[in-house]
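The values are calculated or read from the model by the stated rules, or taken from the named source; none is laboratory data. Remember, it's a predicted structure, so these values are computed and weren't measured experimentally. Cβ atoms come from the backbone with ideal geometry, glycine included; neighbour counts cover every protein chain shown. Remember, those area values only see protein heavy atoms, side chains included, never the ligands or the DNA or RNA. Shrake-Rupley method; radii C 1.70, N 1.55, O 1.52, S 1.80 Å.
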Amino acid sequence: QARLVESGGRLVQGGGSLRLSCAASGRTFNSDVMGWFRQAPGKEREFVAAITWSGVITYASGSVKGRFTISRDNAKSMVYLQMNSLKPEDTALYYCAAGRTLTGAPSQYGYWGQGTQVTVSS
């Protein structure tokens, strides 16, 4: 059974850093586009970043660009999100997802993890 499992979320002080990890198992995700999304309470799920199997990357425009870095290790079936200079508005449940197209549209991703909570204190 295909699974995506996120980890690394926790409470962190504003200005701090976190690295989220996503472990893929159950099938080969190496050819998939892997994305990170986030959802804050009362808000819609929001695209953060995505990366193709060959390393082509796209980031959401706006506040995450320049602070967050997505990467992947195909040999280990892992995807990462390095988050620096964290702000309270980055507080959300962060999801890893797998799809076929380099896009920020959640509907284009067919596999989702359960999420990992990131809370940034002011």
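Screening segment 41-121 for strands (runs of 3 or more DSSP E) wholly inside it with 1 or more residues that are more than 21 Å from Gly15 (Cβ to Cβ) returns the ranges 46-51, 57-59, 68-73, 78-83, 92-99, 109-112.
Under the condition of being surrounded by 18 or more Cβ atoms within 10 Å (Cβ to Cβ) and aliphatic (A, V, I, L, M), which residue from segment 96-122 is nearest to Pro41 (Cα to Cα)? In this case the residue turns out to be Val118. Checked against the criteria, Asn74 counts as out of contact with any strand residue (DSSP E or B) (no Cβ under 8 Å at 6 or more places or on another chain), surrounded by 13 or more Cβ atoms within 10 Å (Cβ to Cβ) and on the phi < 0 side of the Ramachandran plot. Look at Val33 and say whether it is surrounded by 16 or more Cβ atoms within 10 Å (Cβ to Cβ) and over 11 Å from the mean Cα position of the chain (by Cα). Considered against the rule, which asks whether it is surrounded by 16 or more Cβ atoms within 10 Å (Cβ to Cβ) and over 11 Å from the mean Cα position of the chain (by Cα), Val33 comes out as yes. Looking across segment 67-90, the residues that are over 13 Å from the mean Cα position of the chain (by Cα) and polar (S, T, N, Q) come down to Asn74, Ser77, Asn84, Ser85.
Out of Gly35, Gly9, which single residue is assigned to a loop (DSSP other than H, G, I, E, B) and out of contact with any helix residue (DSSP H, G or I) (no Cβ under 7 Å at 6 or more places or on another chain)? Selected residue: Gly9, the only one of Gly35, Gly9 that is assigned to a loop (DSSP other than H, G, I, E, B) and out of contact with any helix residue (DSSP H, G or I) (no Cβ under 7 Å at 6 or more places or on another chain).
When restricted to residues that are open to solvent by less than 70 Å² (accessible area, probe 1.4 Å) and touching a residue at least 24 places away in the same chain (Cβ under 8 Å), segment 36-63 contains 14.
Scoring Ser85 on the criteria (1) surrounded by fewer than 19 Cβ atoms within 10 Å (Cβ to Cβ); (2) in contact with a helix residue (DSSP H, G or I) (Cβ under 8 Å, 6 or more places away or on another chain); (3) not hydrophobic (A, V, I, L, M, F, W, C) leaves a single failure, condition (2).
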